[in-house]
Structure formats: structure tokens, C-alpha cells
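The structure appears right after this line, and notes come after that.
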């Protein structure tokens with residue numbers, strides 16, 4: 001599946017947020033690419049309602065590394081469930097295997113997490129799962145495959161991770177196993193995304 005592999009700072013500058021993590025280049029040039037300074041572009045800062053909604057959807061897609069067709073399918077799943085569609089949308093995305101591998105600290109980025117899953121380094125309930133978009137359920141156990149536990153990239157990533165950062169997940173560093181304890185509440189999801197704008201966009 002195609003993924004964005006272009007300059008990450010360019011995308012961060014587009015949304016004026018470090019969506020791929022700390023970005024020194026963004027700190028120096030905190031304005032959209034194509035401008036030679038803040039407000040240099042004609043009409044800078046004037047964005048329509050549709051533009052804001054579209055921008056929020058794009059930000060969510062880039063943040064989680066999800067392509068349009070897949071993102072739209074997740075939205076339709078969210079809209080068919082009872083509850084607040086925007087929150088359910090984020091909960092479904094957060095429950096993806098690649099995202100949980102990232103949240104547990106097994107990988108330093110979601111891109112790296114997708115790679116670990118695709119290369120069969122991750123197990124769910126004792127079985128290898130190589131589908132990054134696999135949706136986890138409460139009670140599922142996610143771990144590192146036995147033969148992959150000594151991988152330098154995994155060991156280094158775990159050494160830098162705060163295991164208690166996400167209360168909806170539980171991590172056992174000795175067994176290298178994590179458990180999805182609950183579906184995360186909105187306040188447990190740290191991403192700066194205005195999900196209601198996305199719902200309004202798709203509702204048109």
C-alpha cells in the first residue's frame with residue numbers, strides 16, 4: 001500500500017504542528033511551505049469552512065498514516081455505531097494494531113510500527129498478525145514475536161518509552177507483552193485533532 005515518504009517537515013509546516021514528532025525545522029519556519037515568511041502569501045490566514053474541515057481530515061490521515069479509502073471506511077464504521085461519531089472514529093483508529101504497537105513503545109513511530117507488523121515481528125493473542133490495520137478488541141494481548149525480542153530497534157525504542165503514559169494500555173516489560181485494557185476515552189487520546197470537523201466534512 002502506498003504511503004507518504006516525502007519530506008515530513010513540509011507536512012508539519014503545512015499544519016503548523018509537529019505531527020511526526022519533534023521537528024527543529026518546523027520551529028524555525030512555523031508557516032506553510034511556499035511562503036517566504038508569515039503572511040507573505042496573498043490571503044494568508046483566510047480559510048473557508050470547507051477548507052478547515054478538509055485540513056483537519058488531512059492532518060488526521062497524515063498523523064496516523066492512513067490513506068483516503070481506508071480512512072473513509074473507518075468513518076463509515078464509526079457512523080454506523082451508537083454514540084458520538086467523531087469520538088468513535090478516533091477510537092477505531094487508536095485500536096489499529098500499528099497504532100497500539102506505537103503507543104506501547106515497541107516502535108518509535110507509527111511508520112516503524114507498520115513495518116514491524118508487516119514483517120511479522122508482532123503477535124496478537126499468541127498468533128502472528130501482519131496486517132497493520134487489524135482492529136484490536138478489549139482484552140487482546142499484543143507482543144513481540146519470540147525471535148524478534150532481541151532486535152536492536154525494538155529494545156532501543158522500549159528503553160525510551162514511558163509505559164504508563166497511556167492508561168488504556170498495560171505493558172509487561174519482562175514478557176514484552178501489552179494488553180488493551182479498555183477503549184480509550186477521548187481525553188486519553190493526545191492527538192490535536194478536531195474530529196467534529198471531519199464528521200461535518202463527510203456528512204455533506
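General remarks:
- Simple spin-label estimate for residue 72 and residue 156 gives 3.9 nm between the two label positions (7 Å along the Cα-to-Cβ direction from each Cα).
- Evaluated at q = 0.12, 0.20, 0.26 Å⁻¹: base-10 log I(q)/I(0), Debye formula over Cα of the range 96-182: -0.27, -0.81, -1.54
- Tail weight of P(r) past 28 Å, computed on alpha-carbon pairs of the range 34-176, percent: 31 percent
- Where labels lie 7 Å past Cα in the beta-carbon direction, separation of residue 149 and residue 129 in nm: 2.1 nm
- Orientation-averaged projected area, Cα convex hull of the range 58-102 (nm²): 3.0 nm²
Values quoted throughout were computed directly from the atomic coordinates according to the rules given, and no laboratory measurement underlies them. Owing to the predicted nature of the structure, the values given are computational and were not obtained by experimental measurement. Note that we place each Cβ from the backbone using ideal geometry, even for glycine, and neighbour counts take in every protein chain shown.
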